[in-house]
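The values are calculated or read from the model by the stated rules, or taken from the named source; none is laboratory data. Computed from a predicted structure; not experimentally measured. Ideal geometry is used to build each Cβ from the backbone, glycine not excepted, and the neighbour counts take in all protein chains shown.
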Amino acid sequence: MGLADVVPGVSGGTIAFVLGIYPAFMQALSSINFVWAKHLLLYLIKGFDKEELEKAKTAFLRIDWGFLAVLLSGMGAAILLGASFIPALMERYPSQMRAFFLGLVLASIAVPFSALGKLTRANILRILATAAWFFLLLGWQSSPPVKWTQITTTSAQSLKDFSRAHPNVSPPISVYCPNTSTYDNAALRAANQRQNPDQARMLTHLCATLDELRADPTSYAVMWREAGLTESSTDPYARVEIPAETSVWVATPALWHVFLSGAVAICAMVLPGISGSFILLILGLYTFVFSSIRGTMLWLSLQQDNPLPALYVLVFGLGVLLGVIVFSRFVNYMFEHHRQGTLSVLIGVMVGSLRVLWPFQIGTWGHGVVKNVLPTPDDPLLLCAALMVAGFLFVVGLAHVSATLERRANQKENLPTSAA
């Protein structure tokens, strides 16, 4: 589930559904409460009142700590691991990765379908309406409110390493290219011109072309592929070297936006079919959040001395905690009281979310222009088809193993009764 939540378009909730632990997962999340903290505070205020202490213990033990500790520790480790390589794979092999994930999600749709039972007219309408709504919604992207800060490098480093140490909402292309605002990185371009004139000349030409075609998504998409910024190659802007003592403007999101994004993203992460990472993409914070996670790991390992990434991760985590407490109760209530309608909506969400997993796209979400296109002779069509089938079969196999284990567990529970 943790690895799935790192991938834009794949939901950890989908994996939980396939593995058959989704109801237990939601019940465990909805058991989280802070009633124990209230009674603990009253215990201190009332002069160590034993009754309040007992109430605090009772409320604390109502939380399913056993399930949550095992699951969340595994998810946390997987997210830290996935943050170190999945975004890079998504950047370097996006078509192949999306094809594999498309197969995963296509197979996953069968799980809530099988739980739905009878397919009534009302359920069909809910599925179609939800799928259409999410298909349109996932075509939208926003820009986060930002605060600009000027950072002066103390040593020579790549723009990629600089972005990890100082997470920002702008991809390298936006950091390097000229803009009309006060926060133009002319010093960075001048330094690159002195250090690597040939690369600077190529980037200047690309920046000019991008600026001319920005208002024309079709031409922009074609130019993106022809000018060397294809999704199958490394973004040349990421290879820019920043000399020491160079000032670079960095755009960081407002802390309140990071907090609310965490609350919204976790709501998506716990729902089958909705990717929390993709929610971060359309909110303009995907690169920022995972750069902050990597920056925090570097700070904790003493490889860098900037603690700001850890602050962003903490604020994002507090937003996640709020979302879990509020949203998990709502989802749990809907499953208990409106199971058929909830399953229909979830199926529609999963179908609508397939839009973002079409393997052949031009542009990137981080750069604001994405267009689904038909494959060309240059695209790895056969490899993508094979990976999609592999993803589909992986989920089918996973579901089969999960069902087998669950059946064996039920048989063991019934053994004493049948023997009697």
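Output yes when any residue across region 180-199 is β-branched (Val, Ile, Thr), part of a helix (DSSP H, G or I) and either modelled with pLDDT of 75 or more or in contact with a Ser or Thr (Cβ under 8 Å, 6 or more places away or on another chain) (or both), and no when none is. Talk me through it step by step, then tell me what you get.
The initial filter retains those residues of region 180-199 that are β-branched (Val, Ile, Thr), namely 180, 182.
Adding the requirement that they be part of a helix (DSSP H, G or I) leaves none.
The answer is no; no qualifying residue exists.
Could you check SER301 against (1) at pLDDT below 80; (2) among the hydroxyl-bearing types (Ser, Thr, Tyr); (3) under 22 Å from ALA78 (Cβ atoms) and say which number it fails?
Of (1) at pLDDT below 80; (2) among the hydroxyl-bearing types (Ser, Thr, Tyr); (3) under 22 Å from ALA78 (Cβ atoms), only one is false for SER301: (1).
Looking at region 52-90 only, could you name the residues that are loosely packed, with under 15 Cβ neighbours inside 10 Å, touching a residue at least 24 places away in the same chain (Cβ under 8 Å) and either closer than 21 Å to ILE266 by Cα or not assigned by TED's automatic domain parsing to the domain that holds ASN372 (or both)?
GLY74, GLY76, ALA77, LEU81, SER84 - these are the residues of region 52-90 that are loosely packed, with under 15 Cβ neighbours inside 10 Å, touching a residue at least 24 places away in the same chain (Cβ under 8 Å) and either closer than 21 Å to ILE266 by Cα or not assigned by TED's automatic domain parsing to the domain that holds ASN372 (or both).
Let me confirm something: among SER353, SER301, which residue is hydroxyl-bearing (Ser, Thr, Tyr) and surrounded by fewer than 18 Cβ atoms within 10 Å (Cβ to Cβ)?
Values: SER353 fails: surrounded by fewer than 18 Cβ atoms within 10 Å (Cβ to Cβ).
None of the others qualify; the one that does is SER301.
So which residues in region 91-106 are at pLDDT below 80, surrounded by fewer than 21 Cβ atoms within 10 Å (Cβ to Cβ) and either closer than 13 Å to VAL18 by Cβ or of a type in the set (S, T, N, Q) (or both), if there are any at all?
none
Which of the residues spanning region 108-123 are surrounded by 12 or more Cβ atoms within 10 Å (Cβ to Cβ) and either part of a helix (DSSP H, G or I) or among the hydroxyl-bearing types (Ser, Thr, Tyr) (or both)?
Passing the criteria: SER108, ALA110, VAL111, PRO112, PHE113, ALA115, LEU116, THR120, ASN123.
Does region 217-273 hold any residues that are among the β-branched types (Val, Ile, Thr) and at pLDDT below 80, and which are they? Quick ask: steps written out before the conclusion?
In the first step, residues of region 217-273 are kept if they are among the β-branched types (Val, Ile, Thr); the result is 218, 222, 230, 234, 240, 242, 246, 248, 250, 252, 258, 264, 266, 270.
THR218, VAL222, THR230, THR234, VAL240, VAL270, listed by residue number.
Look through VAL389, VAL373 and report the one residue that is over 19 Å from VAL105 (Cβ atoms) and either surrounded by fewer than 19 Cβ atoms within 10 Å (Cβ to Cβ) or at pLDDT below 75 (or both).
Working: VAL389 fails: over 19 Å from VAL105 (Cβ atoms).
Unique residue meeting the criteria: VAL373.
Of all residues in region 121-164, count the ones that are farther than 25 Å from ASN192 by Cβ, of a type in the set (S, T, N, Q) and at pLDDT below 85.
Of the residues in region 121-164, 3 are farther than 25 Å from ASN192 by Cβ, of a type in the set (S, T, N, Q) and at pLDDT below 85.
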